[in-house]
Amino acid sequence: MALRTAGSVLVVFLWSVAAVLEQNGWSVTYTTHSICTLKGSSVDLSCTYTYPSLYKVTTTFWFTKIDAVEKYVSLSDNPDYKGRVTYRSDKRNGHTLKITDLRESDSATYKFRFITDQTGGKYYGKPGVTLSVTDLQVKVTTTWWSTTLTCSTTCTLTDNLNPTYIWYR
């Protein structure tokens, strides 16, 4: 019982901290929370962020992993993404991550982080953007009079709900 209560208090406390941070001007808002796209294609993940006006942002980056204790690894420094990621910022606190030549291993939750010139002035947005990278799968069904080819993916493609497939013999 005491353990369950302590867990509940911790959850409420963490939620309260997140709410206070957002109320005090710290936030990251993602354009979308889930994307499904094809292997070999490119994707843009976008967000906007806010922070108190007395601060100046010095560093911005996207990450999927946290190494050691609170060490966030920028995708631009991750060898798995070498030469495939670019960051774009605008003057209205918008930020876009572009990943090219997508691989199925790129499927992950991507989060944006920014660091300011003030001690403790760091923030990243939860829950992030979940990217699912899928490959086309072809199912062949043959009867004595015909052959049917069916193309499918493991998730519904975000930007193309009714894709067109061109078949070659």
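The values are calculated or read from the model by the stated rules, or taken from the named source; none is laboratory data. Nothing here was measured: the structure is a model prediction, and the numbers come from that model. For neighbour counting, all protein chains shown are included, and Cβ atoms are generated from backbone atoms with ideal geometry for every residue, glycine included.
Per-residue answers, yes or no, for (1) of a type in the set (Val, Ile, Thr); (2) surrounded by 16 or more Cβ atoms within 10 Å (Cβ to Cβ); (3) under 25 Å from residue 120 (Cβ atoms); (4) touching a residue at least 60 places away in the same chain (Cβ under 8 Å):
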residue	(1), (2), (3), (4)
50	yes, no, yes, no
65	no, no, yes, no
71	no, no, yes, no
81	no, yes, no, no
93	no, yes, yes, no
96	yes, yes, no, no
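Considering segment 103-134 alone, what residues qualify as being over 21 Å from residue 39 (Cα atoms), under 16 Å from the mean Cα position of the chain (by Cα) and basic (Lys, Arg)?
Across segment 103-134, the qualifying residues are 113, 126.
Considering 87, 110, 123, 55, which residue is of a type in the set (Phe, Trp, Tyr), part of a loop (DSSP other than H, G, I, E, B) and either modelled with pLDDT of 90 or more or crowded, with 17+ Cβ neighbours inside 10 Å (or both)?
Of 87, 110, 123, 55, the one residue that is of a type in the set (Phe, Trp, Tyr), part of a loop (DSSP other than H, G, I, E, B) and either modelled with pLDDT of 90 or more or crowded, with 17+ Cβ neighbours inside 10 Å (or both) is 55.
Yes or no: residue 135 on the phi > 0 side of the Ramachandran plot, surrounded by fewer than 19 Cβ atoms within 10 Å (Cβ to Cβ), charged (D, E, K, R) and touching a residue at least 40 places away in the same chain (Cβ under 8 Å)? Please lay out each step first, then the result.
On the way: on the phi > 0 side of the Ramachandran plot: no; surrounded by fewer than 19 Cβ atoms within 10 Å (Cβ to Cβ): yes; charged (D, E, K, R): yes; touching a residue at least 40 places away in the same chain (Cβ under 8 Å): yes.
No: the conditions fail for residue 135.
Since residue 133 meets every condition but one in (1) out of contact with any Leu (no Cβ under 9 Å at 6 or more places or on another chain); (2) assigned to a strand (DSSP E or B); (3) within 20 Å of residue 46 (Cα to Cα), which condition does it not meet?
Exception for residue 133: condition (1).
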